[in-house]
1. Quick check on segment 1-14: of everything there that is assigned to a loop (DSSP other than H, G, I, E, B) and touching a strand residue (DSSP E or B) at 6+ places or on another chain (Cβ under 9 Å), which residue is modelled with the lowest pLDDT?
2. When residues of segment 29-84 are filtered for being part of a loop (DSSP other than H, G, I, E, B), among the polar types (S, T, N, Q) and surrounded by 14 or more Cβ atoms within 10 Å (Cβ to Cβ), how many remain?
3. Testing Asp24 on (1) modelled with pLDDT of 85 or more; (2) within 19 Å of Arg79 (Cβ to Cβ), one condition comes back false. Which one is that?
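The values are calculated or read from the model by the stated rules, or taken from the named source; none is laboratory data. This one's a predicted model, so the numbers in the text were calculated from it and none came from an experiment. Cβ: placed from backbone, ideal geometry, glycine included. Neighbour counts: every protein chain shown.
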Amino acid sequence: MLLNLVSNLVVQTVSTLQNNATADIRISSDGCFLYGSNHGHDSIVIYSVDSANGILEIVGYESTRGGHLCNFSLSQDNRFIPCC
């Protein structure tokens with residue numbers, strides 16, 4: 001859910017996948033991308049962030065190539081996503 005902190009109104013609600021739990025979210029250091037873990041799907045969902053209004057648009061999914069994803073991080077240069 002994207003919330004406008006000034007008006008306290010919901011701007012956008014997005015789903016990563018149906019019947020899925022998102023355990024963690026991160027935003028890139030430049031603010032252009034938002035990432036979310038898909039716990040049951042063992043993937044990372046990737047959204048682009050519109051710099052004018054903050055609206056998210058899905059870019060795609062990246063497999064974690066492992067099971068039971070709970071947490072992830074972004075490297076300082078945003079080139080790598082360590083997962084556990």
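1. My answer is Met1.
2. Residues that pass the stated criteria total 2.
3. Asp24 satisfies every listed condition except (1).
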